[in-house]
Amino acid sequence: MTQIEQAKRGVITDEMMQIAQKEGISPEKLRRLVAKGHTVIFRNKVHDWVEPVAVGQGVRIKINANIGTSRDIVNVEEEIKKAQIAVKYGADTIMDLSTGGDLDEIRRKIMKAVNVPVGTVPIYQAAEEMLAKGKAIIEMSEEDMWKAVEKHFKDGVDFATIHVGVTKEVVEKMKRVKRVVGMVSRGGTFLAAWILHWSEENPFYKNYDYLLELAKEYDVVLSLGDGLRPGGLPDAGDELQVAELYTLGKLVRRAREAGVQTMVEGPGHVPIDQIPAQIKLMKIATDNAPVYVLGPLVTDIFPGYDHIAGAIGGAIAALNGADFLCYVTPAEHLGLPTVEHVKEGVIATKLATHAVNLTRFEEDYRKDYLMSVARGALNWAKQYELAMDKEKFIEIRKERPTKTEACSMCGDLCAIKLINDMLRG
């Protein structure tokens with residue numbers, strides 16, 4: 001049985017016990033949340049070396065890091081390094097979004113290189129294989145799409161983005177509802193183009209019951225993709241985005257009835273004042289399914305700094321109910337990220353999640369309390385120990401040294417040192 005099926009029967013699984021201990025909550029509370037579908041557990045039945053991770057209510061907000069080759073740059077070792085760096089700096093999961101090279105080999109190597117859950121977008125492989133044959137993406141057959149999904153599930157991916165909500169009906173709406181940026185989801189666009197070309201329904205929507213059968217067999221969490229997410233601030237909250245969301249809400253309910261875990265993906269670019277309403281709408285429309293957001297990015301005019309824009313939006317989204325933040329790197333909208341970009345993206349997103357988690361979990365707040373104590377005592381060794389990015393801590397200390405016990409910003413004028421000396425004297 002799947003995690004949600006066992007939870008509904010009152011069974012606390014080994015994965016639930018392990019997660020409950022790590023999260024500092026009761027196993028019974030976690031079981032109830034999983035039974036309702038408000039929390040999901042990532043662990044494919046055949047991915048036996050992975051440490052399970054929970055996303056949703058009652059547990060800490062988690063971070064995903066996207067990595068993967070492109071058709072322009074194929075360096076498998078670099079992608080493995082990205083995965084390892086992402087995990088080192090706090091990513092809870094990895095998504096392999098590779099579109100260039102031997103996708104099977106790349107996916108399997110990445111999965112073996114880390115012990116966190118791994119997600120994919122199977123239709124990327126179906127599309128890439130068409131191009132490799134010298135064919136157009138729209139020449140994919142339904143069988144090509146299903147083969148990719150089944151291959152990924154068999155390989156042990158723990159969650160998979162499937163753009164089930166890109167239906168023929170909503171694609172027709174695109175002819176009437178004009179957008180500034182258009183459609184930015186690759187997987188969603190592949191399906192929309194396929195629908196327009198063949199005038200057929202989305203195979204994943206048409207045969208959703210079969211998708212549920214496959215997901216149930218391996219206990220893969222279905223990440224219901226937001227193919228019509230806004231790719232620019234002017235498109236946030238438009239008719240296309242909301243229409244897809246309500247379709248996904250219906251599909252969440254069907255999945256729960258079938259014993260399949262689901263989460264719902266959220267918007268990419270949203271003005272900062274709209275984020276609370278958007279997240280709350282997602283929760284209402286999906287009966288409190290876990291919400292997985294890319295960013296959201298709160299401004300469009302800072303290329304090179306989108307990791308910061310995403311961290312700002314992510315913190316606000318998390319505070320208002322988002323459960324899972326997909327990081328954004330400085331390379332977003334510009335090119336394939338480097339290892340250093342991945343590190344920067346993870347740290348920025350980790351900062352966002354921690355800012356919210358520390359308001360909910362005593363253990364997380366305790367770390368900040370101890371850092372405050374260390375700063376008040378000018379205890380640099382303890383500050384180093386508590387720092388998220390120890391390399392950056394040392395780098396700045398070495399570049400800007402001082403002969404005092406304070407830092408080179410203030411030196412002998414350090415407020416903390418002066419008042420402490422006066423109080424001691």
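The values are calculated or read from the model by the stated rules, or taken from the named source; none is laboratory data. Just so you know, these numbers come straight off a predicted model, no measurement behind them. No Cβ is skipped: glycine too gets one built from the backbone with ideal geometry, and neighbour counts run over all protein chains shown. The accessibility values were calculated without ligands, DNA or RNA, using every heavy atom of the protein model including side chains. Shrake-Rupley method; radii C 1.70, N 1.55, O 1.52, S 1.80 Å.
Tabulated data for the structure shown
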{"read-out": "Estimated [θ] at 222 nm from DSSP helical runs (n ≥ 4, -39500 (n - 2.57)) normalised by residues in the chain, nearest 500", "value": "-15500 deg cm²/dmol"}
{"read-out": "Spin-label pair Tyr384/Lys109, simplified geometry with 7 Å Cα→Cβ offset, distance in nm", "value": "3.6"}
{"read-out": "Most to least packed among 256-264, 416-424 [average Cβ atoms within 10 Å]", "value": "256-264, 416-424"}
{"read-out": "Centroid-to-centroid separation of the range 359-398 and the range 144-190 [C-alpha atoms, Å]", "value": "43"}
{"read-out": "Distance between modelled label sites at Asn420 and Lys88, nm, 7 Å Cα→Cβ extension", "value": "3.1"}
{"read-out": "Charge context of Thr39, other residues only, Cβ under 15 angstrom, K/R +1, D/E -1", "value": "+3"}
{"read-out": "Backbone N under 14 Å from the Lys367 label point (7 Å along Cα→Cβ), restricted to the range 33-74", "value": "60-63"}
{"read-out": "Percent of beta bridges antiparallel (DSSP, the chain, rounded to nearest 5)", "value": "15"}
{"read-out": "C-alpha center-to-center spacing [the range 5-28, the range 44-98] in angstrom", "value": "23"}
{"read-out": "Segment Ile394-Ile272, length gained on full extension (0.36 nm per residue, minus Cα span)", "value": "40.5 nm"}
{"read-out": "Calculated percent of Cα pairs over 41 Å apart (choose from (i) 24; (ii) 17; (iii) 10), label", "value": "(ii)"}
{"read-out": "Protection proxy ranking of 77-87, 193-203, 175-185 - average other beta-carbon atoms within 10 Å, highest first", "value": "77-87, 193-203, 175-185"}
{"read-out": "Surrounding net charge for Lys392, when Lys and Arg each add one and Asp and Glu each subtract one, Cβ distance under 12 Å", "value": "-2"}
{"read-out": "Heavy-atom accessible surface of the chain: percent carbon and sulfur, 1.4 Å", "value": "54"}
{"read-out": "Over 28 Å between alpha carbons, listed pairs Lys173/Lys343; Lys283/Lys367; Lys147/Lys216", "value": "Lys173/Lys343; Lys283/Lys367"}
{"read-out": "Surface per residue (accessible, 1.4 Å probe) for the range 43-360, Å²", "value": "37"}
{"read-out": "Heavy-atom surface of the range 363-424, accessible at 1.4 Å and reported per residue (Å²)", "value": "77"}
{"read-out": "Net charge, Glu169 excluded, C-beta distance under 14 Å - Lys, Arg +1, Asp, Glu -1", "value": "+1"}
{"read-out": "Cα gyration tensor shape of the range 363-424, rounded if a/c is under 1.5, else prolate or oblate by comparing a/b with b/c", "value": "oblate"}
{"read-out": "15 Å cut-off, amide nitrogen to a point 7 angstrom out along Lys22 Cα→Cβ, residues in the range 96-122", "value": "114-119"}
{"read-out": "Peptide ranges 341-351, 289-299 listed from the most packed, as the mean C-beta count within 10 angstrom indicates", "value": "289-299, 341-351"}
